[in-house]
1. Would you call A:Ala58 more than 8 Å from every other protein chain (Cβ to nearest Cβ), surrounded by fewer than 20 Cβ atoms within 10 Å (Cβ to Cβ) and not in a strand (DSSP E or B)?
2. Check the stretch A:42-55 and report whether any residue there is over 19 Å from A:Glu201 (Cβ atoms), facing another protein chain (nearest Cβ under 9 Å) and part of a loop (DSSP other than H, G, I, E, B).
3. When you look at B:Ile199, is it within 7 Å of chain A (Cβ to nearest Cβ) and among the β-branched types (Val, Ile, Thr), yes or no?
4. Return a yes/no flag: does the stretch A:146-158 have any residue that is over 21 Å from A:Leu27 (Cβ atoms), over 16 Å from the mean Cα position of the chain (by Cα) and not polar (S, T, N, Q).
5. Within the stretch A:194-241, restricting attention to residues that are surrounded by 14 or more Cβ atoms within 10 Å (Cβ to Cβ) and among the β-branched types (Val, Ile, Thr), which residue is modelled with the lowest pLDDT?
6. Does the stretch A:62-72 contain any residue that is open to solvent by 20 Å² or more (accessible area, probe 1.4 Å), closer than 18 Å to A:Leu154 by Cα and within 10 Å of chain B (Cβ to nearest Cβ)?
7. Could you pull out the residue among B:Ser224, B:Ser140 that is of a type in the set (Gly, Ala, Ser), part of a helix (DSSP H, G or I) and either within 14 Å of chain A (Cβ to nearest Cβ) or in contact (Cβ under 8 Å) with a residue 12 or more places away in the chain (or both)?
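The values are calculated or read from the model by the stated rules, or taken from the named source; none is laboratory data. Note that the structure is predicted; figures quoted are calculated from it, not measured. So basically every Cβ, Gly included, is an ideal-geometry build from the backbone, and we count neighbours across all protein chains shown. Each accessible area value is taken on the protein alone, full model and side chains, heavy atoms only, with ligands, DNA and RNA left out. Shrake-Rupley method; radii C 1.70, N 1.55, O 1.52, S 1.80 Å.
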Amino acid sequence: MADVLHVSGLRAGYGPTVILEDIDLTLAPRRALAVLGRNGVGKTTLLATLMGHTTVHAGSIAMLGQRIETRPIYRRARTGIGYVPQGREIFPSLTVEENLLIAERGRGRWTIRAVYDLFPRLAERRNSFGNQLSGGEQQMLSIGRALMGNPTLLLLDEPLEGLAPVIVDGLLAAIRHLLGEGLTAILVEQSAKRALEMTHEAVVLNRGRIVWRGESAKLLANSDTLAALLTPERHASLAPS
Amino acid sequence: MHPHISTFYLASVRVRAAELLPWIVALAAFFLFPDFLSLGARILIYILLVLSLDLVIGYAGIVTLGHAAFFGIGAYTAGILSAHFGIKDPLLQLAAAGTVACLVGFGTGLYVLRTSGLTLIMLTLAISALCLEVANKATSWTGGADGLSGVTIAPILGYFRFDLWGKTAYLYSLAVLFVVWWLVRTLLNSPFGASLAGIRDNRTRMEGIGALVNRRLVQVYSISAGIAGLAGALLTQTNQFVGLNALGFELSGEILVMLVLGGVGRLYGAFIGTAAYLIAQDQLAKKFPEDWYLGVGILLVGVTMFARGGLLGALDSLTARLRRALKL
């Protein structure tokens, strides 16, 4: 079976400004990848590039064997990429249910009932408008909306950012459940430990380049390497593996 | 499992009592103000036109300054059918006017809706100017600057003749407005309407969930153009004349003012804004024939400064205040 995602020699950024350099990635079906790194190293740009929000200067992106790097955003979504953006970007003038139904695409595991089962809080607030939701509810809705497209690959950009601890626990359980079910996903997360615990593989970015790649469990077990990778002044001593 | 999942969108939401108010007022006006039925018919026709503008500006976020083009196309289609082809049946003219305007909306929409912001405004304005110039030059068809006369309209359904007092014109315009209002309301409360709201809220995110944003915009633009065309045909039928001003930039600006006055993206903003504008215009023009525009200007400045969301927005604030006061 073809890899869900195959990125090769990717060079991308915003307009003429290049952020990502020499990115090579491969993600097999039912695998989850953590993208780690300090602030401003290009994690969000990587997800945005996969979704089509940036300018690709070189390299290729293939999804299930099909080249997608020149496709517009809506066609990438229709190819099977579900995106949970950092800012959640809920439609404020639509209700929870409308936010979900508007994103319904394809037949598969994810129906509105399945999303309500995953996030019962959304079922309770189905008639509330997007701008009437708390941050946690918005995040549930953002994930639910991405799932409604029955994605082959789910991109999660800091889904736990800025949320109260009690909300984080609930969302973490839901994300663990999704990844446990075998959903292929890329997770960008500030808390390296949390991300590594949930994923199979990891890459660490620095200044737009991949400086480490390997098994999540391996990196989690090696706290010195992890600390070195995420501490700016110690980067120079670590060569990419 | 969740046994109850609310009905899809708002399509099934029953008509609220307040939504019947415009129709009750319109019917009451027919009996209470028999001397003002011509003005009444004009108000109803312009409500239809402003409603079509609200569909593109208020619901889809397409800013246009050339909407009068479709109104004029509808008006000239009905007029030309009658004056040059002898097709005098009003419903046939109405259908033809709506279709032609819709097709022109589709054709131009495919091109102009690829742009946004100032470029879009300028392109809509340019298309309107082109239509005006075509109508001005094609004198053998349109009558040019003198306007198209010789328009005669057969009785509606073979029975209801357009009378001098404007009774038929009023009720006919009211009936057409009612049907279109119902269709627009249903459309806005359907998944189509929800997708328009999504596009207006966040176009990029809509693309991110795989929505065909451009196709949706062209669809709504064409529908809106068709409705504007219907309004244009109604004006031709009630006046039995078409002038170049039906296509002009001034009309595009005027209907935008009516919409802002009533409240953008509110469905009923078109009703209240158009009625307020045209009644104010009528009364001010009688009392101050030279300076009536000043009065309209003051009204608009007042609403813009003190009533956010137009007259409907002001009504909302007032209701909220009353509710709070009653609770206290």
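1. No.
2. yes
3. No: the conditions fail for B:Ile199.
4. The answer is no; no qualifying residue exists.
5. Once the filter is applied, the top-ranked residue is A:Thr225.
6. yes
7. On inspection, the qualifying residue turns out to be B:Ser224.
Let's see how each residue does on (1) modelled with pLDDT of 95 or more; (2) more than 10 Å from every other protein chain (Cβ to nearest Cβ); (3) open to solvent by 50 Å² or more (accessible area, probe 1.4 Å):
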position	(1), (2), (3)
A:Gln86	no, yes, yes
A:Ile90	no, no, no
A:Glu97	no, no, no
A:Ala103	no, no, no
A:Gly106	no, no, yes
A:Trp110	no, yes, no
A:Pro120	no, no, yes
A:Asn127	no, no, yes
A:Ser134	no, yes, yes
